[in-house]
1. Residue check: is D57 more than 26 Å from R144 (Cβ to Cβ), within 14 Å of the chain's Cα centre (by Cα) and not hydroxyl-bearing (S, T, Y)?
2. May I ask you to list the residues in region 134-151 that are among the β-branched types (V, I, T) and within 15 Å of the chain's Cα centre (by Cα)?
3. Given the residues E124, E131, which is the only one that is over 17 Å from the mean Cα position of the chain (by Cα), over 21 Å from G159 (Cβ atoms), surrounded by fewer than 19 Cβ atoms within 10 Å (Cβ to Cβ) and acidic (D, E)?
4. Looking at G128, G103 in this structure, which one is on the phi > 0 side of the Ramachandran plot and touching a residue at least 24 places away in the same chain (Cβ under 8 Å)?
5. Answer yes or no as to whether V97 is more than 17 Å from A61 (Cβ to Cβ), buried (at least 18 other Cβ atoms within 10 Å of the Cβ) and at pLDDT 95 or above.
6. Check off (1) over 19 Å from L158 (Cβ atoms); (2) in contact with a Gly (Cβ under 9 Å, 6 or more places away or on another chain) for N78 and give me the number that stays unchecked.
7. Residues in region 144-164: is at least one surrounded by fewer than 17 Cβ atoms within 10 Å (Cβ to Cβ), under 15 Å from V73 (Cα atoms) and touching a Pro at 6+ places or on another chain (Cβ under 6 Å)?
8. Spot the failing condition for G50; the list is (1) crowded, with 20+ Cβ neighbours inside 10 Å; (2) under 16 Å from I164 (Cα atoms); (3) out of contact with any Cys (no Cβ under 9 Å at 6 or more places or on another chain), and only one is missed.
Amino acid sequence: MLTSTRRAVLRGVGVATAVGVAGCAGGGDGGVSGSDYPAMDEWLTETEVGAATDGYDGRVADRTGSDTVTVAVGAEGNGGYFVFDPPALLVSTGTTVEFSWTGRGNPHNVEAEPAEQIGESDYEFSSGEAEGGEGVKFTQTLDRAGVALYHCEPHLSLGMKGGIAVE
C-alpha cells in the first residue's frame with residue numbers, strides 16, 4: 001500500500017512539474033500581445049495613414065516598473081532607417097521615455113497628437129523640427145494611463161510610427 005501511495009505522489013509531482021515547465025516556456029521575452037491594446041495595434045498595422053510599421057510583429061515590449069526607457073529613433077527598417085525601436089511599449093504611469101536618435105537615415109522627429117486622422121492618441125507631445133545626428137535626445141514623461149501614438153512627421157508615409165501603452 002505504501003508503494004501505491006508513493007506512485008500516486010510521484011505521478012502528481014511529475015504532472016505538476018510538466019505543467020510548470022510548460023507555463024514557463026510560453027512567455028518568451030516578457031512581451032505582451034498588441035491585441036490587448038487595439039488602438040495601438042491598429043495604428044502600427046494600418047495603412048490608411050502612412051504605411052504599416054516594420055519590426056512590429058504584434059508583440060509589445062513590457063517595460064513596466066522601469067523609471068526610464070529608451071526608444072531608438074532611426075533604427076533600420078521600412079526600407080532604410082525609418083523605425084522606432086521598439087515600435088510598441090508597455091510602461092507604468094510616471095515612466096520617462098527617452099527618444100534617442102541613432103544618427104542614421106535622414107533627420108527625424110517625434111510627434112504625438114490626438115488628431116483623429118493621425119490616430120486616437122491620449123497624449124500630445126513634439127520633439128520639434130526634424131533633426132539628424134547621433135546623440136539627439138527628446139524625453140517625455142507619461143504621467144497618466146492611456147496610449148501615446150506617435151510618428152516621425154517626415155517619414156510617416158514610410159511607416160515610421162510607434163505606440164506606448166501606459167498603465
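The values are calculated or read from the model by the stated rules, or taken from the named source; none is laboratory data. All of these numbers come straight from a predicted model, not from anything done at the bench. No Cβ is skipped: glycine too gets one built from the backbone with ideal geometry, and neighbour counts run over all protein chains shown.
1. yes
2. Answer for region 134-151, where residues must be among the β-branched types (V, I, T) and within 15 Å of the chain's Cα centre (by Cα): just V147.
3. E124
4. Just one listed residue meets the conditions, G103.
5. no
6. Here N78 meets the rest and fails (1).
7. No: region 144-164 contains no residue that is surrounded by fewer than 17 Cβ atoms within 10 Å (Cβ to Cβ), under 15 Å from V73 (Cα atoms) and touching a Pro at 6+ places or on another chain (Cβ under 6 Å).
8. Unmet for G50, out of (1) crowded, with 20+ Cβ neighbours inside 10 Å; (2) under 16 Å from I164 (Cα atoms); (3) out of contact with any Cys (no Cβ under 9 Å at 6 or more places or on another chain): (2).
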